[in-house]
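Accompanying notes for the structure given below.
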């Protein structure tokens, strides 16, 4: 069982509250001026990662108290509970063992006393064999043609993870063209359909229960379109499923051999490492998919075994709690300086906000402190020409993670130098700002001077990685997964359920029945007016 400590009752939290009053007005550039070794003290070098967290509004004393907080909430014991396969997702009665999906074959991860590694590797071997057949062209469609397109049909974790990874690893993609259908908006699925040839398209339906409304609606629309030019038995060649509901999948027409199982101890937003990642494997080849998993496993081991003061996920989580709960920061920005990571912040929005957007603690009591962090972002340098104005000169404190890669993939050094100069300059600018004296020295007109002053003291973490590879991407994703876990332990919440997404779905089902059966439910006046407005068009 996880500990159930209210963090605000701990000695370390009280120390942090008192300490905050002493340091809240300190400027980071003064901290750098006072300590020539600050950057070295607050940097973690691990494998191909260089993590600089020195540009934060912390002192050595702050860091000491944050580490004490980790001990006070029994973080080490919580990590052991997760990796031991205990039922830490108590509200749903499940273990949380996505790290097992990327562990080596000889590992021993147990759920209810049973080692799950043999079944994990049985599925991995199935993914490998299927991927190799499709990529090589030996597995063909109903007219004997090799597949050219792959369509992933899913939503939430069944879409965001695979879509993000495929986008991030474009450089490693093979000849197959991948598409993702998620939104129940019919315009979405029809825009994808019009690009496809039914003879050469493979469809991957990802739904744990095979009942998700959006996924099944899109799957049935695609199936109807497919059957306009193909016989019924062709479904078995062109559709595969990742699901636990074998009966419903087979009723859809999918061959039993083309069903890839998943497990209830894998949460949707942490599932890309499982058969949910089949589309990743198809897009970049199984070896690259496997290297993604191996990278994540390396981060798992770092997280599980490293001392907290040099443990990257733990340190980043503690700093995030510092801003969220003491500075009352409203959000965090994720700024990857790589266009390949265009969907990374979008992916993390689900992972972070669906996990830790909770207002009841592990004891079932209402929470009177802030949990969760609002997460957003876009790649640099695009974001510099968009929302950086707010970060630099706005009234909100927005801590930001800057993620960069030292080497480019295509080798254009001129572009890489310009990208890197921006990557480094922005964190320096956010740190130092620009004083009135500096603005005056530039010859600025007197009435314009106030508008060109930058206060600085804006916190950032720099996550610098040698090169974007499947392995380094696996490490990066796993880093944020573990950061989510640590924050949830500190805030004394259950990070792995998501009951908050259910109410809207339940009401949508009732409203849909009204459309189909002319049934009337009780609604508030606003919703009733909106329903009546829609009926004019339907």
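The values are calculated or read from the model by the stated rules, or taken from the named source; none is laboratory data. What you see is a predicted model, and the numbers here were worked out from it, not measured in a lab. Neighbour counts run over all protein chains shown; Cβ positions are idealised from the backbone, glycine included.
I'd like the residue in segment 402-422 that is surrounded by 15 or more Cβ atoms within 10 Å (Cβ to Cβ) and assigned to a strand (DSSP E or B) and, out of all such residues, is farthest from the chain's Cα centre (by Cα).
Top of the filtered list is 405.
Which one of 338, 331, 320 is at pLDDT 95 or above, surrounded by fewer than 20 Cβ atoms within 10 Å (Cβ to Cβ), closer than 21 Å to residue 457 by Cβ and under 18 Å from the mean Cα position of the chain (by Cα)?
None of the others qualify; the one that does is 331.
Among the residues of segment 215-244, which ones are within 18 Å of residue 267 (Cα to Cα) and in contact with a helix residue (DSSP H, G or I) (Cβ under 9 Å, 6 or more places away or on another chain)?
215, 241, 242, 243, listed by residue number.
Taking residue 483 as the residue in question, decide whether it is assigned by TED's automatic domain parsing to the domain that holds residue 393, modelled with pLDDT of 95 or more and in contact with a strand residue (DSSP E or B) (Cβ under 9 Å, 6 or more places away or on another chain).
Taking the combined requirement at face value, the residue does not satisfy it.
Against the definition (touching a strand residue (DSSP E or B) at 6+ places or on another chain (Cβ under 8 Å) and modelled with pLDDT of 90 or more), how does residue 462 come out, yes or no?
Against the criterion (touching a strand residue (DSSP E or B) at 6+ places or on another chain (Cβ under 8 Å) and modelled with pLDDT of 90 or more), residue 462 qualifies.
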